[in-house]
Amino acid sequence: MKKYIIIYTIITIAILAGFFILFMSDNTATTQMVDTVEINHIIQQITLNWENIELLEQIAFSYPFFIIDDYGQAVYSSIKDLPTNIHTAIAQGFLPMNIDINGRNMGTVLIETIRPNKGIYVRFYIVIITFALLLLTVAIFLIFIYKSIILPFKRIQHFAHKISIGILDEQLPISKNNPFGLFTQSFDIMRASLLEARQKQIIAERAKKELIASLSHDIKTPITSIKLTIELLQIKNNDPATAEKLKIIETKANQINALMNDILHSTLEELGELQISLSSEDSSILSDLFKNSDHLSKTKLSPIPSCLIEIDKVRMEQVIGNIIANSYKYADTNIDVNFNIQGKGLQIDIIDYGDGIESDEIELVATKFYRGKNAKILQKEGEGLGLYIAKLLIEKMGGALEVLNHNNGFAIRIWINLSF
């Protein structure tokens, strides 16, 4: 900062000195007193030497002059760079005098009796230099403002934008002469605190997800034991009332098992540990997958085109099972499944004949934890993970899943890649 003050002081003194010299200098042209004797001398010598005009070069004259003949042509100039016509000369202050020889006008001599003051040029240069110094001062001042204020502020603005979009790893540079030094340092401390908080949050969230995955997996073990025990009791039981209660227990155990599966797969996906193993399978395998997933036997399949498809058989059965279970839960109607080869993929439309969903829910129904208005009205159990898991698994297999309102109900459209 001190170096700028010194520069400003020097330039200011120079500017003031320039203005002082300009003010003190004479700003008027020096007007010479016309020497009539010298004027007459010039005219006399021109008259005497008219026939040999070049002899005038041997005579010393006090005033510069040039001669125009009666035809308007310049015939002589005592020095270089004088005007060559009467009008220009008179405009510049030359004194015109007629040349009469024996009563005849031979031409005109134009005598420069007023000479410009050289101080005018000095003042002109002083003005130029002063103006240049003024421009230099303004330029240096603007550069100082840009480097010391505008540029640091832009860096802070850019840094704030990065923080707003979550980029916290980049440290804000702090210069020694920055006028925003303390503010910048506080800003960077805030960034470091946010980064530390984010890292702690990531660690905490991962620990929570790992705990959920572990609990989901651990809960499946006793649920499996409960299901096996129920199956054993159902075989040995002969009491209708007890059989009905065992059926209820079995249904709830299956619901808990399905819920734990969904939560486990959702958590594994977030942890990046949900594995897919693709293989080429004959399309006829889809018939068995639908049959295994349809516990109410209400699903009707159209002919399946003969082709090879790229799927994970276990995951595909899980997808089909989630979609059919969702349909039975909310529509509880027959289900039609249509197959068509479209381009490089096999398109599967799974259609039920329930009430469908609201149009504004189409894009949301396959998102995590979303439960439609119909589910809340019907008070159906669930966590909003069935279609989300189905879509996730299909996409990991390289396909796609779309939710549609069918003319007579609700449809899920699946694309599976063909194997070439």
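Since every read-out is calculated from the coordinates, none of them should be taken as a lab result. Here the structure is a predicted model, which means the values were calculated and not measured. Every residue, glycine among them, receives a Cβ derived from its backbone with ideal geometry; neighbour counts consider all protein chains shown.
Could you please report the charge total around Gln347, scoring K, R as +1 and D, E as -1 over all other residues with beta-carbon less than 13 angstrom from its beta-carbon?
0
Please find the FRET efficiency linking Ile86 to Ala60, where r is the Cβ-Cβ separation and R0 is fixed at 22 Å, and quote it to the nearest 0.05.
0.30
Quick check: pseudo-label points 7 Å beyond the Cα along Cα→Cβ at Phe420 and Asn52, how many nm apart are they?
Here the answer is 11.3 nm between the modelled labels.
Among the listed pairs Lys245/Lys300; Lys200/Lys252; Lys227/Lys329; Lys298/Lys391; Lys227/Lys300, which have their C-alpha atoms separated by more than 27 angstrom in this model?
Lys245/Lys300; Lys200/Lys252; Lys227/Lys300
Starting from the amide H of Ile101, placed 1.01 Å from N in the peptide plane, find each other amide H under 5 Å away whose residue is 5 or more places distant or on another chain.
Those lying under 5 Å, H to H, from Ile101 are Met106.
Please give the length that would be gained between Ile189 and Ser164 if that part of the chain were fully extended, namely 0.36 nm times their separation in residues minus their C-alpha to C-alpha distance (nm, one decimal).
Once the chain is fully extended between Ile189 and Ser164, it gains 7.5 nm.
Using the beta-carbon distance between Thr367 and Lys147 and R0 = 45 Å, what value does 1/(1 + (r/R0)^6) give for FRET efficiency, to the nearest 0.05?
0.35
Is the shape of the stretch 47-111 rounded, prolate or oblate, going by the alpha carbon gyration tensor and its root eigenvalues a ≥ b ≥ c, with a/c under 1.5 for rounded and a/b larger than b/c for prolate?
Because a/c hits 1.5 or more and a/b fails to exceed b/c, the stretch 47-111 counts as oblate.
Can you work out the FRET efficiency for the pair Gln342 and Lys396, with r the C-beta to C-beta distance and R0 = 22 Å, to the nearest 0.05?
My answer for the efficiency is 0.60.
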